[in-house]
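Here's the structure, in structure tokens; my notes come after.
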Amino acid sequence: MEYVGRVDGQGRRVAVLASRFNEAITQLLLRGAVDALAVAGVAAPDVDVVWVPGAWELPVVARALADLQRYDALVAVGAVIRGETAHFDYIADAAARGLAAVEAETGTPIGFGVLTCDTWEQAEARSGGAHGNKGADAARAALEMADLLVQLDAEARVGADSA
């Protein structure tokens with residue numbers, strides 16, 4: 001048997017978590033995510049946007065939203081751009097690990113659209129420029145995972161019923 005998730009937003013409810021730090025970039029990522037969700041069929045009233053101060057705060061809010069059990073998927077967008085200190089490394093790592101932990105612990109798919117770039121120009125290229133829009137990519141990945149998990153859950157129930 002082969003399972004492949006579909007980028008299908010019909011009947012799905014999604015929250016997009018957006019970091020205000022480097023907001024000019026995050027706004028572009030947010031727009032890409034919301035547009036991708038609409039193209040995939042998520043109804044506008046079924047998309048909530050939740051703003052947080054920075055990437056550091058994304059995991060705690062993702063956990064709170066996942067615990068509500070209101071959303072089929074979450075999408076996290078933000079931009080962490082390297083500066084002159086090690087601060088970049090701590091924030092980027094904490095955001096990535098924290099979101100991964102929330103996803104693993106709750107089973108709620110989280111599309112990771114948090115850019116970790118060395119320069120502002122790299123961030124621009126990944127927020128609608130030459131390298132596409134990673135917010136849109138994250139939204140599509142979240143929907144694909146939500147669909148895949150539904151398929152696997154249905155398969156598990158069928159297997160349990162036949163045992």
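The values are calculated or read from the model by the stated rules, or taken from the named source; none is laboratory data. Just so you know, these numbers come straight off a predicted model, no measurement behind them. Don't worry about glycine lacking a Cβ; one is built from the backbone with ideal geometry, like all the others, and counts go over all protein chains shown.
Values as computed for the structure displayed
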{"item": "Residue list for region 41-79, restricted to those being among the β-branched types (V, I, T) and in contact (Cβ under 8 Å) with a residue 40 or more places away in the chain", "result": "V42, V61, V75, V77"}
{"item": "Matching entry among A43, A76 (being within 15 Å of the chain's Cα centre (by Cα) and modelled with pLDDT of 95 or more)", "result": "A76"}
{"item": "Residue list for region 49-78, restricted to those being small (G, A, S) and either farther than 22 Å from A125 by Cβ or in contact with a Ser or Thr (Cβ under 6 Å, 6 or more places away or on another chain) (or both)", "result": "G54, A55, A62, A64, A66, A73, G78"}
{"item": "Residues satisfying the stated conditions in region 140-154, i.e. within 15 Å of V39 (Cβ to Cβ) and in contact with a helix residue (DSSP H, G or I) (Cβ under 9 Å, 6 or more places away or on another chain)", "result": "R140, A142, L143"}
{"item": "Flag for G98 being of a type outside the set (S, T, N, Q), surrounded by 22 or more Cβ atoms within 10 Å (Cβ to Cβ) and touching a helix residue (DSSP H, G or I) at 6+ places or on another chain (Cβ under 6 Å)", "result": "no"}
{"item": "Any hit, region 10-30, residues being touching a residue at least 60 places away in the same chain (Cβ under 8 Å), of a type in the set (D, E, K, R), surrounded by fewer than 22 Cβ atoms within 10 Å (Cβ to Cβ) and more than 23 Å from I81 (Cβ to Cβ)", "result": "yes"}
{"item": "Verdict on A123 being surrounded by fewer than 20 Cβ atoms within 10 Å (Cβ to Cβ), more than 18 Å from V7 (Cβ to Cβ) and within 18 Å of the chain's Cα centre (by Cα)", "result": "no"}
